[in-house]
Amino acid sequence: MKVIVTGSFDESSRMVAQRITQIITQKPAAKLGLATGGSCEGIYAHLVELYKAGQLDFSQVRTVNLDEYVGMSPDNPLSYRKYMNSNLFDHVNIDKANTYVPGGMGDPEEEIKTFRSKVREGGWADFQLLGIGVSGHIGFNEARDTLQASAHLEELDESTIRANSRYFEDESQVPRRAMTMGMGDILSAEEIMLIASGPSKVEAIRGLIMDDTVTTHNPSTFLKLHRNATVVIDRELADWVGWKG
Ligand code: PGA
């Protein structure tokens, strides 16, 4: 696993956007695993800029998103479908039929079946984008004694509910359950990039980059088992973590 330290969160976002641009340029029908959350907003803004500058063509790109809250309508402004449309899909020439964000409504068990087939359809992802949760979750794979390999339902941790409550009226409004790609789904991607910034991520990133331990209690540490995973953090976060590299 590689660690890249940039001068700022914006520089991190630009670097990841540039890598995604390279992948699409080399393989126009690339399959991308995408993520939501504050950490990825800058990346999508840069991708939209690059598209508008004529440097990117999404016409053949296929995408599968990491997760969605159970009970969340795709029309809800807080849904991850809305997030993807308003941050990226509505601004570029992607065919929305080639994009998949798990459906929050309907029977979750049925949706999980669809999710599992979308993750595998046409092969595993060429690239997987990740943020990281306060306790080290990737997707919504929460810190536990055991983790799951394939897409599944997850009860959200208190730390996740608290962190995500910033988007809702109050904590009680945050959905308690979500569907998420499993750890095996994420680790099957050809290449993975995780972006993190800010003081709330210090403990999770410390577990990820400061030693060689792999533990289900910080699911991000499984990235240490991947052949082509990169963690992109800014100098500020690197200093808080104590990373000298
Ligand atoms: P954030 O979320 O980017 O909004 O901090 C990341 C995550 O929970 O994985």
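Can you tell me which residues in region 184-223 are open to solvent by 50 Å² or more (accessible area, probe 1.4 Å) and small (Gly, Ala, Ser)?
200 - this is the single residue of region 184-223 that is open to solvent by 50 Å² or more (accessible area, probe 1.4 Å) and small (Gly, Ala, Ser).
Inside region 216-242, can you point out the residues that are part of a helix (DSSP H, G or I) and free of Cβ contacts under 8 Å to residues at least 24 places away in the same chain?
239
Scanning region 135-157 for residues that are of a type in the set (A, V, I, L, M, F, W, C) and over 19 Å from residue 175 (Cα atoms), which turns out nearest to the ligand (Cβ to nearest atom)? Walk me through it before giving the result.
Going through region 135-157, the residues of a type in the set (A, V, I, L, M, F, W, C) turn out to be 138, 140, 143, 147, 149, 151, 153, 156.
Applying the additional criterion that residues be over 19 Å from residue 175 (Cα atoms) yields 147, 149.
Working: 147: 15, 149: 19 Å.
Ranking the qualifying residues of region 135-157, first place goes to 147.
Could you tell me whether any residue of region 154-162 is more than 24 Å from residue 109 (Cα to Cα) and open to solvent by 20 Å² or more (accessible area, probe 1.4 Å)?
Yes - at least one qualifying residue is present in region 154-162.
Only residues that are within 16 Å of the ligand (Cβ to nearest atom) and either at pLDDT below 95 or in contact with a strand residue (DSSP E or B) (Cβ under 6 Å, 6 or more places away or on another chain) (or both): list them for region 79-134, please.
Here is the first cut: in region 79-134, the ones within 16 Å of the ligand (Cβ to nearest atom) are 79-80, 82-84, 86-88, 101-102, 128-134.
Within region 79-134, 80, 101, 102, 128, 129, 130, 132 qualify.
Pull out all pairs, ordered by first then second residue, where Cβ-Cβ is under 8 Å, the residues are six or more apart or on different chains, the first lies in region 2-22 and is over 24 Å from residue 60 (Cβ atoms), and the second is aromatic (Phe, Trp, Tyr) and open to solvent by 40 Å² or more (accessible area, probe 1.4 Å).
3/243; 5/243
Report whether or not residue 68 is within 26 Å of residue 200 (Cα to Cα) and of a type in the set (D, E, K, R). I'd like the intermediate steps shown before the answer.
Values: within 26 Å of residue 200 (Cα to Cα): yes; of a type in the set (D, E, K, R): yes.
In short, yes.
Which residues, counting only those in region 15-44, are in a strand (DSSP E or B) and within 16 Å of the ligand (Cβ to nearest atom)? I'd like the intermediate steps shown before the answer.
Residues of region 15-44 that are in a strand (DSSP E or B), as a first pass: 31-34.
33, 34, listed by residue number.
Could you list all residues from region 45-58 that are in a loop (DSSP other than H, G, I, E, B) and either closer than 23 Å to residue 120 by Cβ or within 16 Å of the ligand (Cβ to nearest atom) (or both)?
58
Does at least one position in region 197-215 carry a residue that is within 22 Å of residue 64 (Cβ to Cβ) and either assigned to a helix (DSSP H, G or I) or in contact with a strand residue (DSSP E or B) (Cβ under 9 Å, 6 or more places away or on another chain) (or both)?
No, that holds for no residue.
Just to be sure I understand the filter: pairs with C-beta atoms under 7 Å, separated by 6 or more residues or on different chains, first member in region 165-194 and under 23 Å from residue 227 (Cβ atoms), second member acidic (Asp, Glu) and part of a strand (DSSP E or B). Which pairs pass?
Short answer, once both residue conditions are applied: 180/67; 180/154; 181/67.
Consider residue 3 against the criteria (1) closer than 22 Å to residue 231 by Cα; (2) in a helix (DSSP H, G or I): it satisfies all of them except one. Which criterion is unmet?
(2)
The values are calculated or read from the model by the stated rules, or taken from the named source; none is laboratory data. No experiment lies behind these values; they were computed from the predicted model shown. FYI the Cβ positions are ideal-geometry reconstructions off the backbone, even for glycines, and counts take in every protein chain you see. Calculation scope for accessible area: heavy atoms of the full protein, side chains included, ligands and nucleic acids excluded. Shrake-Rupley method; radii C 1.70, N 1.55, O 1.52, S 1.80 Å.
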